[in-house]
Each structure stands twice: as structure tokens, then as C-alpha cells.
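For reference, the structure discussed in these notes is given below.
Each value in this text was obtained by applying a stated rule to the coordinates, not by laboratory testing. Treat the numbers as computed from the prediction; the structure is a model and nothing was measured. Neighbour counts run over all protein chains shown; Cβ positions are idealised from the backbone, glycine included.
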Amino acid sequence: MVFLCKSLELENGTCKSFFINNKSFLISNVNNEFFAIEDICTHDGEKLSGGRLLGNDISCPRHGALFDVKSGKVKSLPALYDVKSYKVINKDGDLFIAIEG
Ligand code: FES
């Protein structure tokens, strides 16, 4: 488990990229629930954190593929493959991602 930030630092409807162990993770707040996916588009490697979060969906800033930030499922072309998703643990207002530290 790796500490990310305080939950108050990530407002509802926003997302932020975190670089941990040479990998980027996109952490999103959707209605004050927190979700993590890999911050890399499966179409051509763009960082999803430069895109727009609308509801559950993040749009890739390069060609517009949509991914569900709750599950990592791809929702529109041109991406064909899901991104990996990870569990976020909210422990008394401290957010952790469930990966090896
Ligand atoms: S790199 Fe993300 S849609 Fe092309």
C-alpha cells in the first residue's frame, strides 16, 4: 500500500496523476469515492491525466478514447484495450493505492 495524498486534496469531479515506482497512476474522485487506473492510454501511450473527467469517464487528450475510471474499461475507439485498475483505500482521510511500495 502506498500513500497518495489527503482525500481533501482531490475534489469531487477531479483527477490527478501520481508517479510511483516508475509508473503513472490516475486517481479520480467520483462523488467522493476514489479510483485508480494506469495513467497511460492503451491506444498510443498518451497520459490520460491530460484529458477531461466527465462523470465516470476520462477522455484521452490525444484522439479521444474514453475509459471508465472506476473499472479501467475502454468505452470508445480508437482504444481497444482496457487500462489496469487498482483499489484506492481511504483511511481516515488518507488515500492509499493498493500496490507494492
Ligand atoms: S493515444 Fe489515447 S486515444 Fe490515441
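Some values worked out for this structure:
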item	result
Search result, residues across the stretch 11-47 that are within 16 Å of the ligand (Cβ to nearest atom), part of a strand (DSSP E or B) and out of contact with any helix residue (DSSP H, G or I) (no Cβ under 6 Å at 6 or more places or on another chain)	Cys15, Ser24, Ile37, Glu38
Residue within the stretch 80-89 that is within 16 Å of the ligand (Cβ to nearest atom) and part of a strand (DSSP E or B) present	no
Search result, residues across the stretch 1-26 that are touching a residue at least 40 places away in the same chain (Cβ under 8 Å) and either closer than 19 Å to Glu46 by Cα or among the polar types (S, T, N, Q) (or both)	Ser7, Cys15, Phe18, Ile20, Asn21, Phe25, Leu26
Tally of residues being touching a Ser or Thr at 6+ places or on another chain (Cβ under 9 Å) and farther than 11 Å from Val88 by Cβ across the stretch 27-44	4
Number of the condition not met by Phe67 [criteria: (1) outside any loop (DSSP other than H, G, I, E, B); (2) more than 16 Å from Ile97 (Cα to Cα); (3) touching a residue at least 40 places away in the same chain (Cβ under 8 Å); (4) hydrophobic (A, V, I, L, M, F, W, C)]	(3)
Pick from the stretch 48-64, criterion near the ligand (Cβ under 10 Å from one of its atoms) and part of a loop (DSSP other than H, G, I, E, B), ranking: surrounded by the most Cβ atoms within 10 Å (Cβ to Cβ)	Cys60
Filtered residue count, the stretch 82-101, keeping only those that are over 14 Å from Leu4 (Cβ atoms) and surrounded by 12 or more Cβ atoms within 10 Å (Cβ to Cβ)	4
